[in-house]
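S.K.: Quick one: this structure, given as structure tokens, is what I'll be asking you about.
The values are calculated or read from the model by the stated rules, or taken from the named source; none is laboratory data. Worth saying up front: this structure is predicted, and the values here are computed from it rather than measured. Every residue, glycine among them, receives a Cβ derived from its backbone with ideal geometry; neighbour counts consider all protein chains shown.
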Amino acid sequence: MQRLIRRQRDRDRGAVAVWVALLMVPFLIASALAIDIAAANADRQRLQTGADAAALAIAQDCARRVQCTPDARTATARAMATANDPLVDPADAVVTRFGSGQVQVRTSSERDYLFAPVLGQEQVSIEAEAAAMWGYPTGGPAVMPFAFSWCELAVQAGLPPIRDASNRIIGIDVPEAGVTRTVLAAKKSDSGCTGPSGNVVPGGFGWLEPTEGCGETVTDIDGWAPSDPGNSPPNGCKPQDFSKWVGQTVFLPVFETATGQGNNAQYGIFGYVAFRLEAYYFAGQYVTPDRPCSGSERCMRGTFLRFADLDTDFEYSADGPQLGATVVQLLLPEEN
């Protein structure tokens, strides 16, 4: 009896060995194909990273009005693709769409399979696409409760207007390298930008009524922002609220018109400027060690920039006022 059981076991072992041998071939083929597929997916991920980087880089350049010619866009796309080359074959990139504040980029490469040729598949073409959009802020939360006068920017900062084909002012021409200026608050008698009281609106120095605390001041172009009267920062603000903005680039509203006076004053918002704050003097504790002005004056010094922000809560439009501040974001690519 034991001899019969032993023989049966031997036969079972032989059958298992045969099945293992038979199944080993498709198992090895599947494993080999999995390696090829995983490698192709890794390449596709690198191509996608290159496409995303290319779309964002081109959008930033065009938003700042630098290196936005067709040749420059192609060169930027290829540079970003090369920086994210797949592990085997080099990547190429083309700009497939451009216009109306949008750009779309396609990156591509070829991968030679290692194991798939046994099934007649020598290589695979891999592609990835990305799109980005840029525009000019039309509304959102400015972190500093202050608005520049359009006239003051033109006179004090020396920033000439940008006009469209019908001679309508659509922005200001901020130099590529930016321009550093000390800008006095609304009270400035020799600028030609103020009324008889020395202010744009009586009792107002360009301060806005904060939406919450001393933080976000939500405004919109073609809308009215309430003034916070007086020559001191608004109630709820603390010295540290201003000191933390030194060295930071912020979007600040620019007003074109004003109405009313005191608590009833309002500023008509025209657009938003990108401003890197360097020093200020608002009297009392609201002053930096390097005072850009003194006495009864109120001022801030900083640099007006062509600046593209990838992380912002501002709404934007390709047709918005062009004041140097721009917003850039990735989009879902359009189908060809």
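S.K.: Go through the stretch 147-187 and count every residue that is under 23 Å from G135 (Cβ atoms) and part of a strand (DSSP E or B).
M.R.: Residues in the stretch 147-187 being under 23 Å from G135 (Cβ atoms) and part of a strand (DSSP E or B): 9 in total.
S.K.: Let me ask you something else. Are there any pairs with C-beta distances below 9 angstrom linking a residue in the stretch 42-56 that is over 10 Å from S108 (Cα atoms) to a residue that is among the basic types (K, R) and surrounded by 24 or more Cβ atoms within 10 Å (Cβ to Cβ), with the two at least 6 apart or on different chains, and if so which?
M.R.: none
S.K.: Report, by residue number, each residue of the stretch 59-100 that is of a type in the set (K, R) and closer than 26 Å to P175 by Cα. Step through it out loud before you land on a result.
M.R.: Applying the first criterion (of a type in the set (K, R)) to the stretch 59-100 yields 64-65, 73, 78, 97.
Scanning the stretch 59-100 gives R64, R65, R73.
S.K.: Still on this structure, please answer the following. Of all residues in the stretch 145-187, count the ones that are modelled with pLDDT of 85 or more and of a type in the set (F, W, Y).
M.R.: 2
S.K.: How many of the residues making up the stretch 299-334 are part of a strand (DSSP E or B) and of a type outside the set (D, E)? Give the derivation first.
M.R.: Looking only at the stretch 299-334, we keep the residues that are part of a strand (DSSP E or B), and these are 299-305, 307-309, 315-317, 322, 324-331.
Now drop any that are not of a type outside the set (D, E), which leaves 299-305, 307-308, 316-317, 322, 324-331.
Within the stretch 299-334, residues that are part of a strand (DSSP E or B) and of a type outside the set (D, E) number 20.
S.K.: Is it true that some residue in the stretch 268-287 is assigned to a loop (DSSP other than H, G, I, E, B), acidic (D, E) and at pLDDT 90 or above? Give the derivation first.
M.R.: Initially, the stretch 268-287 is screened for residues assigned to a loop (DSSP other than H, G, I, E, B), giving 282-286.
Then keep just the ones that are acidic (D, E); that gives none.
No, the conditions are met nowhere in the stretch 268-287.
S.K.: Continuing with the same structure: For the stretch 60-95, give me each residue that is of a type in the set (A, V, I, L, M, F, W, C) and either assigned to a loop (DSSP other than H, G, I, E, B) or surrounded by fewer than 22 Cβ atoms within 10 Å (Cβ to Cβ) (or both). Let's see the steps before the verdict.
M.R.: Initially, the stretch 60-95 is screened for residues of a type in the set (A, V, I, L, M, F, W, C), giving 62-63, 66, 68, 72, 75, 77, 79-81, 83, 87-88, 91, 93-95.
Passing the criteria: V66, C68, A72, A75, A79, A83, L87, V88, A91, V94, V95.
S.K.: Let me ask something else. Within the set of pairs 6 or more residues apart or between chains, which connect a residue that is among the hydrophobic types (A, V, I, L, M, F, W, C) inside the stretch 315-328 to a residue that is part of a loop (DSSP other than H, G, I, E, B) and surrounded by fewer than 24 Cβ atoms within 10 Å (Cβ to Cβ) with Cβ atoms less than 6 Å apart?
M.R.: Here the result reads A318/S100; A318/G101; V327/T312; V327/F314; V328/L310, each pair linking the stretch 315-328 to a residue that is part of a loop (DSSP other than H, G, I, E, B) and surrounded by fewer than 24 Cβ atoms within 10 Å (Cβ to Cβ).
S.K.: Residues of the stretch 82-107 being over 20 Å from the mean Cα position of the chain (by Cα) and small (G, A, S), which ones? Can you show your working first?
M.R.: Just the residues of the stretch 82-107 that are over 20 Å from the mean Cα position of the chain (by Cα), to begin with: 82-94, 96, 106-107.
Scanning the stretch 82-107 gives A83, A91, A93.
S.K.: Somewhere in the stretch 136-144, is a residue at pLDDT below 85, buried (at least 21 other Cβ atoms within 10 Å of the Cβ) and either in the same structural domain as G268 (by TED's automatic domain parsing) or not in a loop (DSSP other than H, G, I, E, B) (or both)?
M.R.: From the stretch 136-144, those at pLDDT below 85 are 142-143; that's our starting set.
From what is left, the residues that are buried (at least 21 other Cβ atoms within 10 Å of the Cβ) are 142.
Among the residues that remain, those that are also either in the same structural domain as G268 (by TED's automatic domain parsing) or not in a loop (DSSP other than H, G, I, E, B) (or both) are: 142.
Within the stretch 136-144, one or more residues are at pLDDT below 85, buried (at least 21 other Cβ atoms within 10 Å of the Cβ) and either in the same structural domain as G268 (by TED's automatic domain parsing) or not in a loop (DSSP other than H, G, I, E, B) (or both).
S.K.: For the list (1) surrounded by fewer than 18 Cβ atoms within 10 Å (Cβ to Cβ); (2) of a type in the set (V, I, T); (3) without any contact (Cβ under 8 Å) to a residue 24 or more places away in the chain, I need the number of the one condition that T312 fails.
M.R.: Status for T312: all satisfied but (3).
S.K.: Check the stretch 195-208 and report whether any residue there is in contact with a strand residue (DSSP E or B) (Cβ under 8 Å, 6 or more places away or on another chain), closer than 22 Å to F242 by Cα and at pLDDT 85 or above.
M.R.: Looking for residues that are in contact with a strand residue (DSSP E or B) (Cβ under 8 Å, 6 or more places away or on another chain), closer than 22 Å to F242 by Cα and at pLDDT 85 or above, one finds at least one in the stretch 195-208, hence yes.
S.K.: Let me ask something else about it. Would you mention how many residues in the stretch 39-94 are among the hydrophobic types (A, V, I, L, M, F, W, C) and within 22 Å of D319 (Cβ to Cβ)? So that I can check it myself, show each step before the final result.
M.R.: Here is the first cut: in the stretch 39-94, the ones among the hydrophobic types (A, V, I, L, M, F, W, C) are 39-40, 42, 47, 51, 53-59, 62-63, 66, 68, 72, 75, 77, 79-81, 83, 87-88, 91, 93-94.
Now drop any that are not within 22 Å of D319 (Cβ to Cβ), which leaves 55-56, 58-59, 62-63, 66, 68.
Count: 8.
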